[in-house]
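Okay, so here's the structure we're looking at.
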Amino acid sequence: MSGAAPIGQLAEPMVSNTIQCGFESHSGHRLTVDAQGRARGYRNVGREPSGGAWERQLLLGKLAAQRRHVLAALEGLSDAQLRRPVLPSGWSCLGLVRHLTLSDERYWFETVVGGAPVDYWPDEAEGRAVAADWWVGNDESAADVLDAYRSAIARADELVATRELDEAPRITEPWWEAAGLIFPDLRSVVVHMIVETATHAGHLDAAREMLDGHQHLVL
């Protein structure tokens, strides 16, 4: 038929014969139909540009939810349970919180995004069952370890509030490329932190069930 659009490609509708229906996606695309009610495509109506307030709220809200999950997974555990390894790898719940504090919140936000030196990293020591960023000494109280995590979160939030999602990190690491990682902006760092925190929250759920039988979610 003369003038027909190729298969898989929508013809450009005549403006005078098109209308906008009420179906609009979350990304701000509205379905366009012609006068006979036939779908002609989608038009971007500009709901929210990339890097806008909605995207920031979504990403930071997801990260905050995973942080709350971490802390909730530990509620009700005794000091002995918080320090007890339940897996052959030897980490404890407190040790995982220490790891989240140093290797995640402080490293990715204070150092990578903010440019601060890694002067908070503990020294390695022989004979320990876990790496330095997972180690909690017997002389350190559980309350102090948890407070350090909360403080690191607060500093990270303050820092993120002063940056745009499209802003490049202050520090990049050569090992990222070797590991197949790329972090061109704050957005990618926040997404990485959502994944990291959610992963470790799941680890804590499993450890908690092994410690006292409590289940965060039963499927």
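All of the numbers you see were taken from the coordinates with simple rules; none came from a lab. What you see is a predicted model, and the numbers here were worked out from it, not measured in a lab. Virtual Cβ from ideal backbone geometry, glycine too; neighbours counted across all protein chains shown.
Could you tell me which residue of segment 156-194 is farthest from Thr111 (Cα to Cα), considering only residues that are aliphatic (A, V, I, L, M) and assigned to a loop (DSSP other than H, G, I, E, B)? Taking the candidates together, the pick is Ala179. Within segment 170-188, the set of residues being within 16 Å of the chain's Cα centre (by Cα) and more than 28 Å from Gly90 (Cα to Cα) comprises Ile182, Phe183, Pro184, Asp185, Leu186, Arg187, Ser188. Scanning segment 158-208 for residues that are without any contact (Cβ under 8 Å) to a residue 24 or more places away in the chain and either touching a Lys or Arg at 6+ places or on another chain (Cβ under 7 Å) or closer than 17 Å to Leu100 by Cα (or both) returns Val195, Thr199, Gly202, Ala206.
Among the residues of segment 147-174, those that are surrounded by 18 or more Cβ atoms within 10 Å (Cβ to Cβ) and hydrophobic (A, V, I, L, M, F, W, C) comprise Ala148, Ala152, Ile153, Ala156, Val160, Leu165.
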